[in-house]
1. Quick one, could you list the DSSP H helices from chain A stretching 15 Å or more along their long axis (Cα atoms) with average Kyte-Doolittle hydropathy of -0.5 or above?
2. With the full set of protein chains in place, find how many percent of the accessible area of chain B is carbon and sulfur; take the probe as 1.4 Å.
3. Carbon-plus-sulfur fraction of the accessible area of the stretch A:50-279, 1.4 Å probe, in percent?
4. Let's see if you can work this out: charge +1 on each Lys and Arg Cβ, -1 on each Asp and Glu Cβ, no other charges. What is the dipole magnitude of the stretch B:208-325 about its Cα centre, in debye to the nearest 20?
5. How crowded by other chains is B:66-72, given as the mean number of beta carbons from other chains within 10 Å of each beta carbon?
6. List the lysines whose alpha-carbon lies under 23 Å from that of residue B:246, not counting same-chain residues fewer than 8 positions away?
7. Where in the stretch B:329-352 is the amide nitrogen less than 20 Å from a point lying 7 Å along the Cα-to-Cβ axis of residue B:316?
8. Can you give me the accessible area per residue for the stretch B:2-227, using a 1.4 Å probe, in Å²?
Amino acid sequence: MKRPGLTASMLWPALIVILPLLFGPLLVLLHESLKPHIAGRVGGDATSALTLENYALLAGPEYAQYFLDTFRIGLISTVLALMLGYPMAHFIVRRASPIMRRILIASLIGTLFLSLIVRIYAISMTFGSLGPLAGFSRLLGIAPTSPSVAELMVVLGLLNTTMPLVALTLIGTIQNINPRLEDAALSLGAPHWKTFVQITLAMSVPGILSAGIIGYAFCISNLVVPMLVGRGFVLFVSNLIYFRFSEVANFPSGAALSIVMMVISLGIFYGLLHLVRTQWQEAGK
Amino acid sequence: MAVLDLQHIRKSFGSFTAVDDVTFEVNKGEIVALLGPSGCGKTTTLRMIAGFERPDSGRIFIGGADMELRPPYERNVGLVFQDYALFPHMTVAENIAFGMKNRGTPKNEIAPRTLEVLQQVQLPGVENRRPHALSGGQQQRVALARALVTRPDIMLLDEPLSNLDAKLRLQLRREIRTILASFECTSIIVTHDQEEAMGLADRIVLMNRGRIEQIDTPARLYQSPKTLFAADFIGHANWIHGTLSKAAGDAGIVATPVGDVRVTMRQGSPEQGPVTLCIRPERLAITDGTVEPATRMQAIAESVDIVGADVRLWSRLKDGTLVQSLDKNIGRAMPQPGSEVMLGFGPDDCVVLPASDAA
């Protein structure tokens, strides 16, 4: 028998931690973002009246670029991760022998245990001027010092985490698709590619979107990757927020950036989740 | 003319031989059941006919054409899966149209044929529903419709009724037969359920350990099984071991621990030597003295089971063999447990099988 009272009360420990430690600081941040900033001072001016000036400044085109860069590069990395991760997950579920499957899943999880810093420096050394792949950019016809190479490195850095993350999520999705459905499609005259597109891929769409949301959340909130291999050419909003708080000590502006970023991100995620829930409700049942 | 012709099919998975030298034909319009216990190779045989597995050796012909190099999507075969395998992300109509689109049915024919086939399986008005909104029996019919609408050369049904409850199973069994007959569709039904096979099929291919034990009509398979396995798998049976010696004409005498038994020799049954007698429970009657059966055996009644329309009496013969006899439940007094009973049967009531250690 269900005991709603007990179930609900089990929420309390988590709520006691989350409410003061997450929403409390968020409220402080929101308050900070409304304080006027006086150059040379650390933190907003608490004595003056609250203002929306910090937000107004962010409307300028130079800020829009940071947001666009963040969302664009995040999207490229996520789409690449899905394009690489889906075939990998499909192979693991449908083709690999049990031993191969275990090895592949273990190595995917293994990469996630490796510190992101280690992996980023590995990329930066491999593609750096003395690394084995130093000539890589020349193959693409771009100068090794160009902004495009920096962007490429950021994408690679993000892929390093998103690819395993996305592949592991998609394994569950593909596992839930009854292989008999593919047999049924084949017996109804659909060749392998058509069966794959109309059955396997079509039924994976909710899973692909979920995996994409997880990957995208990781990408656009990333600080370390653009910081280490973006070489100043590529800066995410997180980097900007970091600089506002640490280098120039403009707390109100950093806070306003944080709030704006949070609102946009939440908007995107709820939009996507809503799409998944309404459009593909019955898939996988 | 044979629509399907299997010649010496073999298939192994590693060291396990799933299908061993299977040969049979299915004629046009015929319903054939592949019957056997799990692991007997019936599903592997079905998957080879459909093209999902390739035989290690042997040949498969459908409609006279060699299927060796044909992938599943180039064989005109309709499949109904045990779990129906309806596409959950498509409506019933889209499910049914899927095969027609891939087989090149003209666009303007697809919608009318979808509605028509739903009429034929007695499920009109569900074309815009999703499969999960239908009951098990309805999903079964949609699966049938989806496979039948492309007018396949042969229909393959894999355990079509095993996911339904007993009552629905009986009703759907009749309906499936009617539907398959109305399409004049040649069909193969894979099942482990002998009742399903006997109720649906014109002929039964009985399989055991990858090999065919016997191919026969349901009635003949029950009445004259050729092997101990066939006699044991289909229905219930009492076993009496003995030694056969030939008497005059087609009569024989089997010396058994419970006395001599007179039997009728049939074509193909052993001539002499160690044999096992198979007596169906409904042929082993309690003799009340009014008729004099050819063979009489004394036994001690042990228990009486009332199984709906029938009464089953368990009794023990002198040598300790437990036997069952089946009688109609029409209110006749049954012997008390522990009392002595006389059981009897005629020379035609038992089947003489070569003895083996299988049973």
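1. A:61-90, A:98-113, A:116-127, A:147-175, A:202-220, A:251-279
2. Reported share for carbon and sulfur atoms: 49 percent.
3. Looking at the stretch A:50-279 in its full context, I get 71 percent from C and S.
4. That gives the stretch B:208-325 a dipole magnitude of about 300 debye.
5. Average neighbour count from other chains, rounded to a whole number: 2.
6. Qualifying lysines at Cα under 23 Å: B:226.
7. Residues B:335-344 fall inside that zone.
8. Ligands and nucleic acids excluded, the result is 42 Å² per residue.
The values are calculated or read from the model by the stated rules, or taken from the named source; none is laboratory data. Everything quoted here is computed from the prediction, not taken from an experiment. When we count neighbours, we look across all protein chains shown, and the Cβ atoms used for this are built from the backbone with ideal geometry, even at glycine. These area figures cover heavy atoms from the full protein model, side chains too; ligands, DNA and RNA do not enter into them. Shrake-Rupley method; radii C 1.70, N 1.55, O 1.52, S 1.80 Å.
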